[in-house]
Amino acid sequence: MTRVGSAPDQELQLLRMDRHHNGVTQNEEEEPSCGNTCCQGLIIFFSWILMFLTFPFSLCAAIKIIQEYERAVIFRMGRLAPGGAKGPGLFFILPCTDEIRVIDQRTISFDVPPQEVLSKDSVTVTVDAVVYFKVFNPVMAVVNVENYQGSTRLLAATTLRNILGTKTLAEMLSNRDTVSAEMQANLDVGTDPWGVKVERVEIKDVRLPLQLQRAMAAEAEASREARAKVIAAEGEQNASRALKEAADIMNESPSALQLRYLQTLNTISAEKNSTIIFPLPIDMLKGFGSK
């Protein structure tokens, strides 16, 4: 995107825009009538005389000081004064013929009011955002738009609804950075003729209807329970496989069962139990029966 650079280029663009919208030819635009020129010259001449007659009191109205972050757009006899915006610092004006408009070039932030948006998958959500912008061309901000701040606010609200209307609910919740960047690009294109640069757009909150929140919570809970059951079943399967392998090993060595029995007695006695149950091996009973 190409931005206007020097002051002569800015003025030329403004003049072309005025000629385009008003249907005025180049000669009519750049060559005022002789009567208007003489009248303007007389008014400026008498303004200088009045300024000298009231010197030094006239300096209070003729000297203007603006801050480092401000620029002054001067209109002389209703027309844009040559040289573009003035400032920062000290400059002079003619009190009777000049009118100034001071523009703040610092970054301005504002909250976009909550907007009810119907998403691409037919879900109604309420979204709000914050926008950061600044004026990069004071002349265009004064001449091309009546109220650049109010216009930027209205355009931000409209752009937020238009962009989010093309996104699904999942994209709004998971791709906030992408949505913010797309909104910033669209806003920057729309505010460029006003001399406004949109620096950053952030989506603050996406509020869902209460019924939808309950449905999403129930879905997430059911999904967690299903995963928990699968994990428990896998644990039981692994445990049964390990028990089968242990039983096969003990079946191959009869003394291993006796060692396991002694280990169990040791574990029971360490817990300070008052009652200990001694299991009677079946092999011993077989021995008594044979006698």
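The values are calculated or read from the model by the stated rules, or taken from the named source; none is laboratory data. From a predicted model like this one, the values you see are computed outputs, not experimental measurements. Using ideal geometry, Cβ is built from the backbone for each residue, glycine included, and neighbour counts are taken over all protein chains shown. Calculation scope for accessible area: heavy atoms of the full protein, side chains included, ligands and nucleic acids excluded. Shrake-Rupley method; radii C 1.70, N 1.55, O 1.52, S 1.80 Å.
Please go through region 172-202 and pick out each residue that is touching a Ser or Thr at 6+ places or on another chain (Cβ under 8 Å), assigned to a helix (DSSP H, G or I) and more than 18 Å from Asn137 (Cα to Cα). Answer for region 172-202, where residues must be touching a Ser or Thr at 6+ places or on another chain (Cβ under 8 Å), assigned to a helix (DSSP H, G or I) and more than 18 Å from Asn137 (Cα to Cα): Met172, Met183, Asn186.
Any residue at all in region 223-236 that's within 29 Å of the chain's Cα centre (by Cα), more than 19 Å from Val112 (Cα to Cα) and open to solvent by less than 100 Å² (accessible area, probe 1.4 Å)? No.
Of all residues in region 179-207, those being of a type outside the set (Gly, Ala, Ser) and either out of contact with any strand residue (DSSP E or B) (no Cβ under 8 Å at 6 or more places or on another chain) or modelled with pLDDT under 80 (or both) number 6. For Ile49, the requirement of being over 27 Å from Met140 (Cβ atoms), modelled with pLDDT under 90 and surrounded by fewer than 14 Cβ atoms within 10 Å (Cβ to Cβ) is met. If only residues of region 196-222 that are open to solvent by less than 50 Å² (accessible area, probe 1.4 Å) and either free of Cβ contacts under 8 Å to residues at least 40 places away in the same chain or over 21 Å from the mean Cα position of the chain (by Cα) (or both) are counted, the one that is nearest to Ser151 (Cα to Cα) is Leu212. Does region 148-164 include one or more residues that are outside any helix (DSSP H, G or I) and more than 15 Å from the chain's Cα centre (by Cα)? For region 148-164, residues outside any helix (DSSP H, G or I) and more than 15 Å from the chain's Cα centre (by Cα): absent. Listed by first and then second residue, the pairs linking a residue in region 80-97 that is more than 16 Å from Ile63 (Cβ to Cβ) to a residue that is at pLDDT below 85 and surrounded by fewer than 17 Cβ atoms within 10 Å (Cβ to Cβ), with Cβ atoms under 7 Å apart and 6 or more places separating them unless they lie on different chains, are Gly83/Ala7; Gly84/Ala7.
Give region 91-108 a look and list any residue that's assigned to a strand (DSSP E or B), open to solvent by 20 Å² or more (accessible area, probe 1.4 Å) and at pLDDT 85 or above, or say none. Once the filter is applied, which keeps residues that are assigned to a strand (DSSP E or B), open to solvent by 20 Å² or more (accessible area, probe 1.4 Å) and at pLDDT 85 or above, region 91-108 yields Ile100, Arg101, Val102, Asp104, Ile108. Scanning region 64-85 for residues that are in a strand (DSSP E or B), touching a strand residue (DSSP E or B) at 6+ places or on another chain (Cβ under 8 Å) and open to solvent by 70 Å² or more (accessible area, probe 1.4 Å) gives Ile65, Arg76.
The residue that is nearest to Pro209 (Cα to Cα), among those in region 135-175 that are among the charged types (D, E, K, R) and surrounded by fewer than 16 Cβ atoms within 10 Å (Cβ to Cβ), is Arg161. Of the candidates Asp111, Asp128, the single residue that is open to solvent by 30 Å² or more (accessible area, probe 1.4 Å), under 32 Å from the mean Cα position of the chain (by Cα) and among the acidic types (Asp, Glu) is Asp111.
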